[in-house]
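First up is the structure itself, then whatever we jot down about it.
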Amino acid sequence: AGIRVPIGGLSINDPTLTVDASNKMGRMMPMPIASSPPVGTFVGSSRIRFGAASAGRQSTITLSFAMSHTLLSDDKLFVKLPFFDDAAPPDTASARQVTATSTAPAGVNMMGCNWDAATSHLTMTISSGIPAGQRVTVVIEKNQIYIPAAGIRNTSPPFQGFQIWTDAKFARIPKDPPTWIDDVQAVGAFWYTSLSFEPAVINVPTSLHVTFVSMMPLANTDEVVVSLPGVTGPKEQQTRITPLNVNPTQGALAVFWSLDSDIAPATLTIRLLKPLPAETVVTITLPALCAFVTASGHCDESKNIIV
């Protein structure tokens with residue numbers, strides 16, 4: 001009949017497939033077809049994870065995916081890893097072979113895995129057949145590819161351009177239109193950042209609430225800097241603040257204020273005094289009055305934070 005599935009494939013119970021009717025009583029509104037199989041697509045969530053990851057450093061790269069159709073020996077899978085290797089030493093070869101193994105299903109290894117930093121493309125060749133719907137986990141071993149120097153941010157899709165496609169004989173998925181990898185671990189980034197003032201009124205002393213989640217482990221003496229342009233406080237270049245509330249613990253970090261100037265905005269510097277595991281929620285509350293303490297231990301109300 002010459003019927004062809006669209007190049008982009010169809011997802012399971014694809015909402016673009018509809019049914020309606022036109023009769024004497026009037027036309028029905030289109031309704032999605034309740035049940036239809038996936039055709040020529042990646043099914044479920046495609047994921048990328050990293051081991052002991054730091055921005056600008058080499059790391060294990062773990063890719064997880066599943067196909068709606070069988071993958072055959074010699075089928076190729078392509079993954080775009082944008083800006084990876086931008087922190088590699090100058091003498092690092094742009095195009096090179098890397099070692100990749102599959103941990104699931106057992107015994108499915110990559111016949112070849114090639115990385116090209118110039119195009120940000122990782123090309124993997126399947127060594128043996130993989131059944132339709134089988135989730136595959138591929139591990140690129142450590143000390144081969146560098147995570148971007150700027151880290152990886154957790155933004156809404158397209159997730160900074162992470163993309164996957166294949167030339168599979170039974171289910172070719174082209175590069176365009178793109179299929180985005182929708183679950184990528186953030187590295188060197190913060191989640192759930194928030195900042196608020198109480199009272200939220202200009203030119204009066206205010207308490208300051210800061211919350212963030214570091215998606216990478218922070219070591220002793222590491223610093224997190226919050227920029228506060230236009231916010232005023234103490235006149236000394238750097239003053240240590242006594243927080244009202246701190247999570248995880250009062251002794252885990254120290255807070256410093258740097259004044260606003262023509263050269264740089266006011267900043268709140270959070271210095272780690274103990275290692276902080278990745279994905280730890282950090283909350284800090286600075287009181288509206290007497291946030292700053294002089295060397296003698298007395299309150300100096302002239303140094304309150306003012307928006």
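The values are calculated or read from the model by the stated rules, or taken from the named source; none is laboratory data. Just so you know, these numbers come straight off a predicted model, no measurement behind them. When we count neighbours, we look across all protein chains shown, and the Cβ atoms used for this are built from the backbone with ideal geometry, even at glycine. Please note that ligands, DNA and RNA were not included when accessible areas were found on the heavy atoms of the full protein model with its side chains. Shrake-Rupley method; radii C 1.70, N 1.55, O 1.52, S 1.80 Å.
Given the criteria β-branched (Val, Ile, Thr), open to solvent by 50 Å² or more (accessible area, probe 1.4 Å) and either at pLDDT below 85 or touching a Phe, Trp or Tyr at 6+ places or on another chain (Cβ under 9 Å) (or both), does residue 221 qualify? For residue 221, the condition - β-branched (Val, Ile, Thr), open to solvent by 50 Å² or more (accessible area, probe 1.4 Å) and either at pLDDT below 85 or touching a Phe, Trp or Tyr at 6+ places or on another chain (Cβ under 9 Å) (or both) - is not met.
Just one of (1) within 18 Å of residue 79 (Cα to Cα); (2) loosely packed, with under 15 Cβ neighbours inside 10 Å; (3) in contact with a strand residue (DSSP E or B) (Cβ under 9 Å, 6 or more places away or on another chain) fails for residue 165. It is (2).
Is there a residue being under 24 Å from the mean Cα position of the chain (by Cα), modelled with pLDDT under 85, more than 22 Å from residue 152 (Cα to Cα) and buried (at least 20 other Cβ atoms within 10 Å of the Cβ) anywhere in the range 100-118? Looking for residues that are under 24 Å from the mean Cα position of the chain (by Cα), modelled with pLDDT under 85, more than 22 Å from residue 152 (Cα to Cα) and buried (at least 20 other Cβ atoms within 10 Å of the Cβ), one finds at least one in the range 100-118, hence yes.
Condition (residue is part of a strand (DSSP E or B), more than 24 Å from residue 85 (Cβ to Cβ), of a type in the set (A, V, I, L, M, F, W, C) and touching a residue at least 24 places away in the same chain (Cβ under 8 Å)) applied to the range 200-210: is it met by at least one residue? Checked the range 200-210: at least one residue is part of a strand (DSSP E or B), more than 24 Å from residue 85 (Cβ to Cβ), of a type in the set (A, V, I, L, M, F, W, C) and touching a residue at least 24 places away in the same chain (Cβ under 8 Å). Every residue in the range 224-242 that is surrounded by fewer than 19 Cβ atoms within 10 Å (Cβ to Cβ) and either at pLDDT below 80 or assigned to a loop (DSSP other than H, G, I, E, B) (or both), please. Selection gives 229, 230, 232, 235, 236, 237, 238, 240, 242. Between 281, 255, the distinction of being without any contact (Cβ under 8 Å) to a residue 40 or more places away in the chain and either open to solvent by 20 Å² or more (accessible area, probe 1.4 Å) or touching a Leu at 6+ places or on another chain (Cβ under 7 Å) (or both) belongs to 255 only. Among residues of the range 8-46 being surrounded by 17 or more Cβ atoms within 10 Å (Cβ to Cβ) and on the phi < 0 side of the Ramachandran plot, the one that is modelled with the highest pLDDT is 46.
Taken over the range 179-195, the criterion of being open to solvent by less than 50 Å² (accessible area, probe 1.4 Å) and not in a loop (DSSP other than H, G, I, E, B) is satisfied by 183, 184, 187.
Scanning the range 191-208 for residues that are touching a Ser or Thr at 6+ places or on another chain (Cβ under 7 Å) and modelled with pLDDT of 90 or more turns up just one, 194.
Would you check if residue 94 is over 24 Å from residue 188 (Cα atoms), touching a residue at least 24 places away in the same chain (Cβ under 8 Å) and of a type in the set (Ser, Thr, Tyr)? Steps first, answer last, please.
Details: over 24 Å from residue 188 (Cα atoms): no; touching a residue at least 24 places away in the same chain (Cβ under 8 Å): yes; of a type in the set (Ser, Thr, Tyr): yes.
No; evaluated as a whole, the condition is false for this residue.
Taking the conditions (1) at pLDDT 85 or above; (2) surrounded by 17 or more Cβ atoms within 10 Å (Cβ to Cβ) in turn, residue 55 satisfies each one other than (1).
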